[in-house]
Amino acid sequence: MGGAGEEGLSSYDYRHYPYRRPAELDGPGERRPVVIVGAGLAGPTLALLLAARSVPSLVLDEDDTVSLGSRSICQAKHSLEIWDRFGIAQRMVDKGITWEQGEVYLRDQAIYRFNLQPEPGHKFPAFVNLQQYYVEEFLYDRCLAEPLIELRVRNKVVGVQQRNDGVTVEVETPDGNYSLEADWLVACDGVRSAVRHLLGLPYPGEVFHDQFLIADIRMKGDLPKERRFWFYPPFHPTNSVLLHRQADDVMRADFQLGRDADPEEEKKPENVNRRLRQMFGPDARWEHEWTSVYTFTCRMMERFMHGRTIFVGDAAHVVSPFGARGGNAAVADADNLAWKLALVLGGQAPVSLLDSYDSERRAASRENILNSTRSTDFITPKFPAARAFRDATLALAKDFPFARALINSGRLSVPTTQSGSPLDTPDADGDWAGGPAPGRAMVDAPLGRGWLIDRLGRDFTLLAFGGPIVAPAGVTAVDVGEETLALQRYDARPGTTYLIRPDRYVAARWRKFDQAAVATSVARAMGKEATCFGER
Amino acid sequence: MLRRTLNLERPDDVYNAVVDAHKGLDDEQCRAFDARLILLLVNHIGDEAVIREALKEAAA
């Protein structure tokens, strides 16, 4: 919730969620297995994923409404697939703007068009643009309907004390302070994380000095659905501009201003309108929804796990907006963590399983930061030679397809690769020509009248492509049969078997089903030594 | 024939390696670096027709 420091003019109706006096103010409360700080994208997603595993959680947020103004807008396929597990993704698709194509312009010419999901046969599109306040609203609605989740607004964390077996949290409310005991504290409280500050943990990274102007405007007419990016457009000849369409006929124009612009001057309505007028022409009409000037940083904590406190989303890592890798990474963090935390709390896996959250998601963050930094460096070259190469790439792009592939206006969020994770079993058979290898996200495909993602179990799933299989206890078996697209996407032959983790990453795969090998890989993916299962 | 389509497995990695190699060089150093780089690659390519076609395209 909240976070942005500026008041918007948005036509969105900000709902205020009711504050209730916490029972702990009147006497000690029960110890909580999981306390989540922050109700942005990651916090409620984590709470819902935990609830689906029967783990109760308490979510604390310092204010009482959804995110103000402009924050994340591009909700990626993999986030939608996660939200679909508790039935709110379709609501987002219905409300948002589905897009899969992007167009890149140099001056007044289109030089490159890309399609992020050129092949049909997926339940969800590559992206749905939906303002973060809607996504949060849909998440809260779902949380409020979930008896295992308690959402406390205007509950601000002001103290954190770590112990070996838990955390004591000091909370400030309008009625006074109280303290809470938790087995695990999960900090989803954003880039300015109070929990991180309270624990005195550093947040190293790189500061970028280029300034950008965001103008969210409401327009009528035939608005483009695809992402548009201009280098040196006639309406902003010295820099770049990015345009996205959002729900409610809102367009997001994002103007690169350079290092030396005066943000107060640029934000003045007459100056914003002058830019927009040049961009949209003399006949366009619009109303302002939100205006701000931003700079950004790329940062990452050295570790995401500190004792019994776990950092998720922007609290742990933050990137530039090019590529939609902020909110979507936060949701992926939550998905990586939820099943592990549930298994540890249930005593089914050792505490050390959580170390893999740290290693896998730090690897993901490094990948996201690398991609986002490269996009940023391409869009805002840092030294003359970098600018010369950038401009040479753009100049060659019209005639040379290779140069189009080098244009980096944002490498858009896809599931990151966690190759080499100790939870995964590397391929033993060397004859894979495709399909998601261990450490990669599974891919959707049509299955019967529905979708493969709808058939997966809550826990582990075995995907079998023909041939009888025996799934270990607690593992869901799905017979994919001979669905053409699924066969292709998994490079499958009769006998091919994939083991899918609860977060829908591939843990292992085989050309031939082997019951003992499956059991070993499941144990490994749960952070247990193979010997635990060797006795079976 | 000069190849026009992408011939790199990891284009972003290679592009950034080339650009980053210029970091910290002044104009003269950049020119000297690029001259050495071009001569190395030209010799590696070897095919004079391809090199002449690239010269023409780069001048366009």
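The values are calculated or read from the model by the stated rules, or taken from the named source; none is laboratory data. Please read these numbers as outputs of a predicted model, since none were measured by experiment. Every residue, glycine as well, gets a Cβ built from its backbone with ideal geometry; the counts of neighbours run over all protein chains shown.
The set of residues in segment A:393-418 that are away from chain B (no Cβ under 14 Å) and among the polar types (S, T, N, Q) comprises A:413, A:416, A:418.
Within segment A:469-480, the set of residues being free of Cβ contacts under 8 Å to residues at least 24 places away in the same chain and assigned to a loop (DSSP other than H, G, I, E, B) comprises A:473, A:474. Summed over segment A:261-306, the residues that are touching a residue at least 60 places away in the same chain (Cβ under 8 Å) and in a helix (DSSP H, G or I) give a count of 3. Of the candidates A:218, A:152, A:192, A:163, the single residue that is outside the structural domain of residue A:36 (by TED's automatic domain parsing) and of a type in the set (Lys, Arg) is A:218.
Just one of the numbered conditions (1) in contact with a His (Cβ under 8 Å, 6 or more places away or on another chain); (2) among the charged types (D, E, K, R); (3) surrounded by fewer than 22 Cβ atoms within 10 Å (Cβ to Cβ) is not true of residue A:216; which one? Single failed check for residue A:216: (3).
Could you please let me know if residue A:181 is modelled with pLDDT of 95 or more, touching a strand residue (DSSP E or B) at 6+ places or on another chain (Cβ under 7 Å) and farther than 16 Å from residue A:303 by Cβ? Answer is yes for this residue. Might you check whether a residue that is within 27 Å of residue B:7 (Cβ to Cβ) and either part of a helix (DSSP H, G or I) or away from chain B (no Cβ under 13 Å) (or both) occurs anywhere in segment A:442-458? Yes, segment A:442-458 contains at least one residue that is within 27 Å of residue B:7 (Cβ to Cβ) and either part of a helix (DSSP H, G or I) or away from chain B (no Cβ under 13 Å) (or both). For segment A:321-328, the criterion of a residue being part of a helix (DSSP H, G or I), closer than 19 Å to residue A:417 by Cβ and modelled with pLDDT of 95 or more is satisfied by at least one position.
Table: residues versus (1) under 15 Å from the mean Cα position of the chain (by Cα); (2) part of a helix (DSSP H, G or I).
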position	(1), (2)
B:2	yes, no
B:9	no, no
B:13	yes, yes
B:22	yes, no
B:29	no, yes
B:34	yes, yes
B:37	yes, yes
B:50	yes, yes
B:53	yes, yes
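If I filter segment B:1-12 down to residues being more than 9 Å from chain A (Cβ to nearest Cβ) and without any contact (Cβ under 8 Å) to a residue 12 or more places away in the chain, which single residue comes out as surrounded by the fewest Cβ atoms within 10 Å (Cβ to Cβ)? Checking each candidate, the answer is B:9. In segment A:193-205, the residue that is nearest to the chain's Cα centre (by Cα) out of those that are part of a loop (DSSP other than H, G, I, E, B) and of a type in the set (A, V, I, L, M, F, W, C) is A:201. If you go through segment A:145-202 and keep only what is exposed (fewer than 14 other Cβ atoms within 10 Å of the Cβ), under 20 Å from residue A:66 (Cβ atoms) and among the charged types (D, E, K, R), you end up with just A:192. For residue B:27, indicate whether it is surrounded by 10 or more Cβ atoms within 10 Å (Cβ to Cβ), within 13 Å of chain A (Cβ to nearest Cβ) and among the acidic types (Asp, Glu). So residue B:27 fails the test. Given the structure, is residue A:461 among the polar types (S, T, N, Q), within 14 Å of chain B (Cβ to nearest Cβ) and on the phi < 0 side of the Ramachandran plot? No; evaluated as a whole, the condition is false for this residue.
Within segment A:53-85, the set of residues being in contact with a Leu (Cβ under 9 Å, 6 or more places away or on another chain), at pLDDT 95 or above and in a loop (DSSP other than H, G, I, E, B) comprises A:53, A:54, A:55, A:56, A:61, A:85. Taking residue A:173 as the residue in question, decide whether it is of a type in the set (Val, Ile, Thr), touching a residue at least 24 places away in the same chain (Cβ under 8 Å), assigned by TED's automatic domain parsing to the domain that holds residue A:52 and in contact with a Leu (Cβ under 9 Å, 6 or more places away or on another chain). Yes; evaluated as a whole, the condition is true for this residue.
None of A:252, A:245, A:218, A:228 is of a type in the set (Lys, Arg), assigned to a strand (DSSP E or B) and more than 22 Å from residue A:113 (Cβ to Cβ) except A:218. All conditions in (1) in contact with a helix residue (DSSP H, G or I) (Cβ under 7 Å, 6 or more places away or on another chain); (2) of a type outside the set (Phe, Trp, Tyr); (3) touching a residue at least 60 places away in the same chain (Cβ under 8 Å) hold for residue A:439, with the sole exception of (1).
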